[in-house]
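Contents: one structure, followed by commentary.
The values are calculated or read from the model by the stated rules, or taken from the named source; none is laboratory data. Because the structure is a prediction, the values reported are computed rather than measured. Note that each Cβ is placed from the backbone with ideal geometry, even for glycine, and that neighbours are counted across all protein chains shown. Areas reflect the complete protein model, heavy atoms only, side chains present, ligands, DNA and RNA absent. Shrake-Rupley method; radii C 1.70, N 1.55, O 1.52, S 1.80 Å.
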Amino acid sequence: MSALLSCMQIPTLLIPSISSSSSSREKKHHQCIQIPTHSLKHQLHSQSPTPRVIKCFSNRQSQSTEQEFEFEFERLFSNLNQATLKRESGSLSSAIFLVAGTTVGAGILAIPAVTQEAGFLASAVAVILCWIFMVVTGLLIAEVNVNTMCELGSGGVSLVSMAMRTIGTVGVQIASWSYIFIHYTLLVAYVARSSDILTNFLGIPLWESATLFSLILGGLCYFGSQRFIGAANGALVVGIIISFTALVFVASGDLQWNALLKANFEAVPMSIPIIALSFVYQNVVPVLCTNLEGNLSKVRTAIVVGTSIPLGLFLVWNAVILGSISGLEMSSGQIVDPIQQLRSSNGAVGPIIDVFSFLAIATSYIGFILGLSDFLADLLKLPSGQSSPQPYLLTLIPPLVLSLLDPEIFFKALDFAGTYGVLVLFGILPAVMSWSDRYSSSSPSMTIPRIVPGGKLTLSLVIGVAGYIILSEILEKFGLP
């Protein structure tokens, strides 16, 4: 994980001091405690079954009693540069760009194809609801991740440790296989598509394009510092926005505003798996929690703001496409591919689409490399903070080889991943882990502020919605009503 390549975690929980004014009659002395995480872990497993809260104490000189106050800590630990031994805290802007870049993948180009039957108005409602759902599940993962770091006393905690701590061995198996399946299938698709673009642009063989793409971005993730990766990812996101703006400008010449009022809500369910897959970013949430030193306020801001950027892009792009092709979509009795329709009607659209697709794939590829390498490092029990090449090789080589052999065999797997893998791994699993983390007496942990409100009702809705969509897709596959 790049966030840990040039920094290491000092296992100390830091509690901010409290300022107060002194009066003329009595003086107050405020004292904050600094608790090493190894001793915190010892306390968490003590005989007391109740969760513990980090507290600051306010002592009055004129009284023998103590008043206890509960405060939210600013961060769990400090990231230190190994060379200078100075604190190197994660940048909030870099975290936002990481979330946005991971979310904005090439899937944005496929959204109009699966939503044109539903129309813009109905599909816009579906996109917003999917965004809310995926934001909630990402925040649940962050909450469980920070709690797990508190208990284990270390950063770099992935879904493996989170699942083991909250739901046991069965949860680890489900999380591991779902996580690996989703990431490898998407990485194969990213390498295959990017190599096609590079081959058409540079005129080199396909295997050279795929290798070049994997080496450059894989090397960036392995050798680059946290700040350098954040800056590079931010530059790519800026490029996405610029190319997207140009794409919308060129494609919106024939926009028919009345066409945007079309709403066929009966056709919405068929588009939900692809929309949900387009909003996947939860794989980088453990990376965010480590980079931002467990600061839940910053993590929440990064997730909400970072996913709002793709939400806006998805809505604008969908409106432009569906508003431009509405008069042609049923001309031959079949729904045409919106992108192909644009390419055939406007020659300037093709190169812009290729640039936008390549930048979108690159940002998603970086996020998935960081997430999967961090996951594999935790699965292999590698020490946190060390730059081992093993997880990066396991992350980069299999997708490269498989994309060169026969990438078409993975396209159906991608649809399967969107329907089942994403909704299980980033839908049901986060809610189940959070339920166990919050309400199970067998999961002792330090009490931290819950960043997802609603209690059991919210968790039940998340599990119910994901389960309903999965069940509906299974029944449809077997031809049952």
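Hey, any idea what % of the range 197-250's accessible area is carbon plus sulfur with a 1.4 Å probe?
Working: 2190 of 2770 Å².
Of the solvent-accessible surface of the range 197-250, carbon and sulfur hold 79 percent.
Within the full protein context, the accessible area of residue 206 is estimated at about 70 Å² for a probe radius of 1.4 Å.
For the range 193-253, the calculated P(r) over all alpha carbon pairs, in 5 Å bins from 0 to the bin holding the longest distance, is 4, 16, 15, 17, 21, 17, 7, 3, 0 percent. Accessible-area rank, largest first, for 293, 476: 476, 293, with all protein chains present and a 1.4 angstrom probe.
With all protein chains in place and ligands, DNA and RNA left out, the 1.4 Å accessible area ranks 381, 298 as 381, 298, largest first. Accessible area per residue for the range 195-293 is 46 Å², calculated with a 1.4 Å probe on protein heavy atoms, without ligands, DNA or RNA. When peptides 455-461, 250-256, 306-312 are ranked by their average number of other Cβ atoms within 10 Å per residue, the highest-first order is 306-312, 250-256, 455-461. Ordered from largest to smallest accessible area (heavy atoms of protein chains, 1.4 Å probe), the residues 469, 369 come out as 469, 369. Distance between Cα centroids, the range 258-317 to the range 356-371: provide it in whole Å. Each part's Cα centre sits 15 Å from the other's. Remark: the range 307-316, residue by residue, has Karplus-estimated 3J(HN,Hα) of 7, 5, 4, x, 4, x, 5, 4, 5, 5 Hz, where x stands for each Gly or Pro and the curve is 6.51 cos²θ - 1.76 cosθ + 1.60 at θ = phi - 60°.
Taking amide H as placed 1.01 Å from N in the peptide plane, the amide H of residue 262 sits under 5 Å from that of 120, 121, each at least 5 places away or on another chain. Here the gap between residue 254 and residue 401, fully extended at 0.36 nm per residue and compared with their Cα-Cα distance, gives a gain of 48.7 nm.
The simple Förster model, with R0 at 30 Å and r as the Cβ-Cβ distance, assigns residue 475 and residue 304 a FRET efficiency of 0.30. Please pull out the direction-averaged projected area of the range 153-308, using the convex hull of its alpha-carbon atoms, in nm² to one decimal place. Averaging across all directions leaves 13.9 nm² for the Cα convex hull.
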